[in-house]
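Enquirer: Have a look at this one before I ask anything.
The values are calculated or read from the model by the stated rules, or taken from the named source; none is laboratory data. Everything numeric here is computed off the predicted structure, so don't read it as measured data. All Cβ positions, even for glycine, are placed from backbone atoms using ideal geometry, and neighbour counts span all protein chains on display.
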Amino acid sequence: MKTLTLGFSPCPNDTFLFYALVNKKIDTEGLDFKEVLLDVETLNQMALCSEIDITKTSCHAFGQLLEDYCLLRSGSAIGRNCGPLIVSKKALSIYEMRDIKIAIPGRLTTANLLLQLLIKDIYSSHNSINIHIVEMPFYKIMDAILKEEVDAGLIIHEGRFTYLSYGLRKVIDLGEWWEKNTGLPVPLGCIIAKRNLGKEIIKRVDLIIKKSIEYSLNNKNESRSYIKHYSQELEDKTIEQHINLYVNDFSLDIKEDGLSAIQELFRRAELVGLVKKKRDNLLCDM
């Protein structure tokens with residue numbers, strides 16, 4: 001039995017997707033998976049060092065990994081009305097962001113790439129921009145804003161549902177900004193596999209992940225304790241909102257819209273020197 005390392009985050013949408021695979025509720029077709037549960041920015045860095053066979057990554061990070069990894073059709077976090085938010089304690093407009101300290105959940109997150117594209121779009125004609133980026137784990141960002149360690153923060157995951165309870169204000173929804181400018185869904189995260197695993201194994205893994213997602217969708221209550229184990233600090237309602245927002249039709253298959261969204265993200269990032277894309281064949285079967 002061939003063993004493959006499988007990286008995903010402890011966030012509810014990921015544990016929901018991989019519950020059946022990890023707990024052997026489905027046939028894994030002669031493959032054994034050793035799960036690596038870490039936050040997505042750590043997984044991004046591991047993939048950059050080629051330390052993991054199949055992994056969840058930010059779409060931003062995938063743009064740096066195209067030579068060694070290919071995109072799977074299943075497992076992506078792509079959708080509409082689900083983008084990262086910039087929030088602050090005090091009223092702040094996007095046109096007042098040229099001289100602030102802002103917390104981000106990692107330089108290779110798609111959230112940060114969208115932020116950089118926004119900055120380039122708004123301040124393209126200005127030379128006096130002094131936006132100071134502070135990296136920190138995503139779950140520490142809202143507290144840092146409250147303590148005024150930063151002026152604003154880029155929040156992801158369940159932050160969309162909880163920022164109001166912290167008394168924070170929305171500056172801009174980067175997902176709305178992206179959709180308005182492109183007409184495409186927001187490409188947040190994806191599942192990638194090492195190209196050197198070979199097409200046969202990669203396609204088998206892709207099918208197994210799809211079956212795992214289908215199992216969870218058809219047996220929603222069964223995975224609850226597994227998901228809760230990794231999200232103990234979240235209320236059940238927030239977990240449910242998280243899964244409903246980030247698990248959708250694109251999770252089962254990326255489709256042409258999802259693929260176009262990633263390609264457009266790379267195209268825009270290339271134009272401003274934020275991603276160096278070397279391959280056009282994102283999928284192993286292209």
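Enquirer: Within the stretch 1-11, which residues are under 18 Å from Leu217 (Cβ atoms) and at pLDDT 95 or above?
Expert: The answer is Phe8, and nothing else.
Enquirer: Here's something else I'd like to know. Identify, by number, the condition in (1) in contact with a Cys (Cβ under 6 Å, 6 or more places away or on another chain); (2) not assigned by TED's automatic domain parsing to the domain that holds Thr28 that Val171 doesn't meet.
Expert: Answer for Val171: the failing condition is (1).
Enquirer: Do we find that Ile155 is in contact with a Pro (Cβ under 8 Å, 6 or more places away or on another chain) and not assigned by TED's automatic domain parsing to the domain that holds Leu245 in this structure?
Expert: Yes, satisfied.
Enquirer: On the basis of being within 17 Å of Ala77 (Cβ to Cβ) and touching a helix residue (DSSP H, G or I) at 6+ places or on another chain (Cβ under 9 Å), does Leu197 make the cut?
Expert: So Leu197 does not fit the description; no.
Enquirer: How many of the residues in the stretch 66-89 are in a loop (DSSP other than H, G, I, E, B) and either surrounded by fewer than 21 Cβ atoms within 10 Å (Cβ to Cβ) or of a type outside the set (S, T, N, Q) (or both)?
Expert: Qualifying residue count for the region: 12.
Residue-wise test of (1) more than 30 Å from Lys180 (Cβ to Cβ); (2) free of Cβ contacts under 8 Å to residues at least 12 places away in the same chain; (3) not in a helix (DSSP H, G or I).
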| position | (1), (2), (3) |
| --- | --- |
| Lys211 | yes, no, no |
| Glu214 | yes, no, no |
| Ser225 | yes, yes, no |
| Gln241 | no, no, no |
| Phe250 | no, no, no |
| Ile262 | no, no, no |
| Leu265 | no, no, no |
| Asn281 | no, no, yes |
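Enquirer: Looking only at the stretch 1-54, count every residue that is touching an Asp or Glu at 6+ places or on another chain (Cβ under 6 Å) and part of a helix (DSSP H, G or I) and tell me the total.
Expert: Of the residues in the stretch 1-54, 1 are touching an Asp or Glu at 6+ places or on another chain (Cβ under 6 Å) and part of a helix (DSSP H, G or I).
Enquirer: Restricting attention to the stretch 184-195, does a residue exist that is part of a loop (DSSP other than H, G, I, E, B) and modelled with pLDDT under 95?
Expert: no
Enquirer: Taking the stated definitions as given, is Ser58 farther than 21 Å from Gly106 by Cα, touching a residue at least 12 places away in the same chain (Cβ under 8 Å), in contact with a helix residue (DSSP H, G or I) (Cβ under 9 Å, 6 or more places away or on another chain) and polar (S, T, N, Q)?
Expert: No, not satisfied.
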